[in-house]
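Report on one structure; see the data block that follows.
The values are calculated or read from the model by the stated rules, or taken from the named source; none is laboratory data. Given the structure is predicted, the values throughout are model-derived calculations rather than measurements. Here the Cβ is made from the backbone with ideal geometry for all residues, glycine too, and neighbour counts use every protein chain on show.
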């Protein structure tokens, strides 16, 4: 992913906001070309880092995994229950079947908990990495913006200064 693309697009949005006409009787509201801003935001959204897209996918699939695991656990319990009813002819066999069903239920609940924890841990780690990447990018954008402001301030002074750092 090209970080420069994100920086340039964010700079375009800043420029659009800074150059926007003020709304009457308001210092902090302005009129923007809605479609232009939305198009830029759509482009940024389409080019988000893959870690963020993976995190979104994991969040979407997390509930599906839990639901599937619950369905499987319910099916296991149903199967165990049917099996237990067939084996009721002898008391000891019935008790053994019931114990197995309880164990299967406990094991499936444990498996659901493990799968959920693993999914949450993965999503959390992906979001952490994405957050750090975005924070670094934002810091770079702010730094570059400040340098341009400094240049702008220097350009308002007589032409005796030389631009040293861009």
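For residues in the stretch 1-57 being in a loop (DSSP other than H, G, I, E, B) and within 16 Å of residue 131 (Cα to Cα), which is modelled with the highest pLDDT? Show your work before the answer.
First pass over the stretch 1-57, keeping only residues in a loop (DSSP other than H, G, I, E, B): 1-2, 20, 23-29, 32-33, 47-49.
Going one step further and asking which of them are within 16 Å of residue 131 (Cα to Cα), we end up with 1, 47-49.
Values: 1: 49, 47: 75, 48: 71, 49: 68.
Once the filter is applied, the top-ranked residue is 47.
Regarding residue 112, is this residue under 13 Å from the mean Cα position of the chain (by Cα) and farther than 30 Å from residue 10 by Cβ?
no
Any idea which residue in the stretch 14-34 is nearest to residue 143 (Cα to Cα), counting only those that are surrounded by 11 or more Cβ atoms within 10 Å (Cβ to Cβ) and without any contact (Cβ under 8 Å) to a residue 12 or more places away in the chain?
Among those that are surrounded by 11 or more Cβ atoms within 10 Å (Cβ to Cβ) and without any contact (Cβ under 8 Å) to a residue 12 or more places away in the chain, it is 22.
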